[in-house]
Amino acid sequence: MKIGILSAGGDCPGINATIRGVGKAAITYGMEVTGILDGFSGLLFNDYLQLDERSLSGILTLGGTILGTSREKPFKKQEGDVISDKPQLIKENYEKAGFDCIVCIGGNGTQKTAAQLSEIGLNVIGIPKTIDNDVWGTDITFGFDTAVNIATEAIDRLHSTANSHKRVMVIELMGHHAGWIALYAGLAGGGDVILIPEIPYEMDHVNEELMERSRKGKPYSIVVVAEGIKAGKKEDIPAGACIAQQIEKKTRLETRVTVPGYTLRGGTPSPLDRVIATRMGTYAASLLHKREFGRMVAIRNNEMIAVPLKEVGGKMRLVPPDYFLIKQAKRIGTCFG
Ligand code: F6P
């Protein structure tokens with residue numbers, strides 16, 4: 001069999017570990033492995049890279065993706081498109097390249113495109129990838145643990161400077177429309193207030209909590225904000241800056257903002273992400289070997305399973321408002337607004 005592998009959407013640590021997992025396992029099944037460059041664009045322009053034992057060595061710990069990525073959405077008409085029928089061209093190029101299947105590593109947008117390509121007759125396997133941890137159908141995505149580690153390290157470092165200056169420190173974390181990173185890093189980093197898109201908040205509650213802490217003699221507070229909360233949307237200003245402005249204006253407490261941004265997606269994957277990526281990659285190769293296509297690899301109760309792509313495509317997995325961690329955090333006094 002000849003298989004193609006592509007990575008699409010926002011990059012994250014663990015993609016190369018996944019490429020290595022799929023590729024090395026596929027080679028043991030006697031398959032020919034081709035890397036497709038820059039996400040779905042590579043299929044539009046026949047941009048390929050032959051992968052073998054040598055090129056798959058030494059990439060387990062590498063951040064980013066050796067194949068490059070893009071946010072090309074072939075089923076979405078975009079301004080200035082010069083190719084009239086991108087899906088048809090992809091199908092023709094897939095056949096011309098002689099692929100028996102393509103493995104699409106990506107988030108919910110990528111899995112939606114993978115499902116659509118499967119619908120028009122391509123053999124496709126999806127592998128969920130994103131720091132946001134918001135792909136429906138799997139309990140966890142690789143990239144998430146590394147992002148939580150980086151974000152927690154940042155929050156840990158804010159405590160000492162906040163204490164020295166008696167300040168409120170606001171940190172804004174990525175996560176797109178989901179609050180998973182802010183929730184886990186906020187809990188791990190001892191955030192006093194955690195605001196996530198899934199839980200409506202009132203600024204009066206936040207400000208009262210911060211003033212109460214100050215009245216009780218707490219020298220500082222840490223406020224962890226997911227980028228996807230409603231603050232700032234109307235004025236088109238970042239959530240963290242918007243929350244900080246409102247806090248300082250109402251409480252008169254000196255407030256500063258930190259935004260780690262893309263550092264959450266940078267550098268080497270955590271050990272857990274390397275393990276998740278390797279598990280998913282090798283499981284994807286086993287599906288290829290069994291010719292079980294049209295599925296996304298997933299982890300459910302720590303077991304590897306295959307979920308039909310048409311069930312997953314484009315769906316987001318958000319933090320349930322009654323999520324156990326939220327209840328436990330409230331029990332130790334964390335404010336969710
Ligand atoms: O999906 C990963 C992510 O980092 C989100 O958390 C963030 O909102 C988005 O990508 C940023 O998109 P881009 O990389 O296109 O700027």
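A compact table of results
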quantity: Members of the stretch 237-289 found to be within 16 Å of the ligand (Cβ to nearest atom) and in contact with a Cys (Cβ under 6 Å, 6 or more places away or on another chain), listed by number; calculated: ARG265
quantity: Condition check for ILE299: of a type outside the set (Lys, Arg), more than 24 Å from the chain's Cα centre (by Cα), surrounded by fewer than 21 Cβ atoms within 10 Å (Cβ to Cβ) and modelled with pLDDT of 95 or more; calculated: no
quantity: Helices (runs of 4 or more DSSP H) fully within the stretch 90-205 counting 1 or more residues that are surrounded by fewer than 24 Cβ atoms within 10 Å (Cβ to Cβ), of a type in the set (Lys, Arg) and away from the ligand (no atom under 12 Å from the Cβ); calculated: 108-119, 144-165
quantity: Residue within the stretch 222-241 that is touching a residue at least 40 places away in the same chain (Cβ under 8 Å), surrounded by fewer than 19 Cβ atoms within 10 Å (Cβ to Cβ), acidic (Asp, Glu) and assigned by TED's automatic domain parsing to the domain that holds ALA162 present; calculated: no
quantity: One residue from VAL82, VAL33, VAL103 being modelled with pLDDT under 95 and assigned by TED's automatic domain parsing to the domain that holds ILE120; calculated: VAL82
quantity: All positions within the stretch 1-26 that are more than 16 Å from the ligand (Cβ to nearest atom) and more than 16 Å from CYS101 (Cβ to Cβ); calculated: ASN16, ALA17, ARG20, LYS24
quantity: Qualifying residue in the stretch 312-327 (condition: in contact with a strand residue (DSSP E or B) (Cβ under 8 Å, 6 or more places away or on another chain) and part of a helix (DSSP H, G or I)); calculated: yes
quantity: Residue list for the stretch 212-235, filter: within 20 Å of TRP180 (Cα to Cα), modelled with pLDDT of 95 or more and away from the ligand (no atom under 14 Å from the Cβ); calculated: ILE222, VAL223, VAL224
quantity: Candidate set from the stretch 27-84 (those that are β-branched (Val, Ile, Thr) and under 21 Å from LEU117 (Cα atoms)); member that is nearest to the ligand (Cβ to nearest atom); calculated: THR69
quantity: Count - residues of the stretch 42-71 that are surrounded by fewer than 20 Cβ atoms within 10 Å (Cβ to Cβ) and closer than 23 Å to LYS96 by Cα; calculated: 10
quantity: Cβ-Cβ under 6 Å pairs, at least 6 apart or on other chains, the stretch 40-69 side at positive phi, far side assigned to a loop (DSSP other than H, G, I, E, B); calculated: GLY64/ASP11; GLY68/LEU37; GLY68/ASP38
quantity: Looking only at the stretch 1-22, and only at residues there that are small (Gly, Ala, Ser) and part of a strand (DSSP E or B), the one that is farthest from PRO271 (Cα to Cα); calculated: GLY4
quantity: Selection from the stretch 117-140 of residues that are closer than 29 Å to GLY63 by Cβ and either among the polar types (S, T, N, Q) or without any contact (Cβ under 8 Å) to a residue 12 or more places away in the chain (or both); calculated: THR130, ASN133, THR138
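The values are calculated or read from the model by the stated rules, or taken from the named source; none is laboratory data. Note that the structure is predicted; figures quoted are calculated from it, not measured. Don't worry about glycine lacking a Cβ; one is built from the backbone with ideal geometry, like all the others, and counts go over all protein chains shown.
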